[in-house]
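Accompanying notes for the structure given below.
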Amino acid sequence: MFHNILVAVDGSPEAEQALTQAIDLAESEHSRLTLITGVHKPPLIAYSRLNGDVLLKLDADARAWSDEILRRARDRIPDEIPVTTIVTEQPIRPALIEQIHRGRYDLIVMGSRGRGAVRATMLGSVSHYVLNHSPIPVLIVHADADQSSGAISREIGTSNTVGTSRPQAFTAARLMASRSSTRAASQP
């Protein structure tokens, strides 16, 4: 059902848990994975008093950090799963939506820090943005405080939060995919 899965990674525990779920899905569905991360750049105001050499060093360090995040994520994926990696310098929200349109993905998997509505509104939530703009199913993984138990919460294509085990995640992701295709078929 899922042949081509996009996975957003940023080095956070939530993204690590999302990658674990994506790997499990890819193994069970014989899918390929594409890992994407963004180069984090501070707002331009932060650069206002810095000279060219310092700016170049900051940019190089940000790129190296993003490359390291992708390398670590890539190293976790078994050799039998085809994988592609992408580093974008664009703001991550529109970059993810653009990649979804360009890459013919069946599913995007990403972590969420679970900041809550007020903090997410003030700080901006990438997962919330993708959930509201993605034309494909979205599997959002929330790492619980006790990650060792294997319990995680997920949002799949809606704002409903469901506590599930891994096999239930596959069922929920398949259900969301069928809902998406049903919605698309019913639209004029």
(message) I'd like the full set of residues that are touching a Phe, Trp or Tyr at 6+ places or on another chain (Cβ under 7 Å) and assigned to a strand (DSSP E or B), limited to region 100-111.
(response) Leu107
(request) For residues that are more than 16 Å from Ile23 (Cβ to Cβ), of a type in the set (A, V, I, L, M, F, W, C) and modelled with pLDDT of 95 or more, tally how many sit in region 78-127. (result) 6
(message) Of everything in region 27-77, what is touching a Ser or Thr at 6+ places or on another chain (Cβ under 9 Å), modelled with pLDDT of 85 or more and not hydrophobic (A, V, I, L, M, F, W, C)? Give them in sequence order.
(response) Arg32, Thr34, Thr37, Gly38, Ser66, Asp67, Arg71, Arg74, Arg76
(request) Name, by its number, the condition in (1) surrounded by fewer than 17 Cβ atoms within 10 Å (Cβ to Cβ); (2) touching a residue at least 60 places away in the same chain (Cβ under 8 Å) that does not hold for His40. (result) (2)
(message) Just to be sure I understand the filter: pairs with C-beta atoms under 6 Å, separated by 6 or more residues or on different chains, first member in region 94-115 and on the phi > 0 side of the Ramachandran plot, second member at pLDDT below 95 and not in a helix (DSSP H, G or I). Which pairs pass?
(response) Gly114/His142
(message) Quick check on my filter: what residues within region 20-33 are within 15 Å of Ile86 (Cα to Cα) and buried (at least 22 other Cβ atoms within 10 Å of the Cβ)?
(response) Leu33
(message) Suppose we filter region 75-89 for residues that are part of a loop (DSSP other than H, G, I, E, B) and of a type outside the set (D, E, K, R); how many remain?
(response) 4
(request) Confirm whether Ile97 is outside any helix (DSSP H, G or I), among the hydrophobic types (A, V, I, L, M, F, W, C) and within 15 Å of the chain's Cα centre (by Cα). (result) no
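The values are calculated or read from the model by the stated rules, or taken from the named source; none is laboratory data. Treat the numbers as computed from the prediction; the structure is a model and nothing was measured. Don't worry about glycine lacking a Cβ; one is built from the backbone with ideal geometry, like all the others, and counts go over all protein chains shown.
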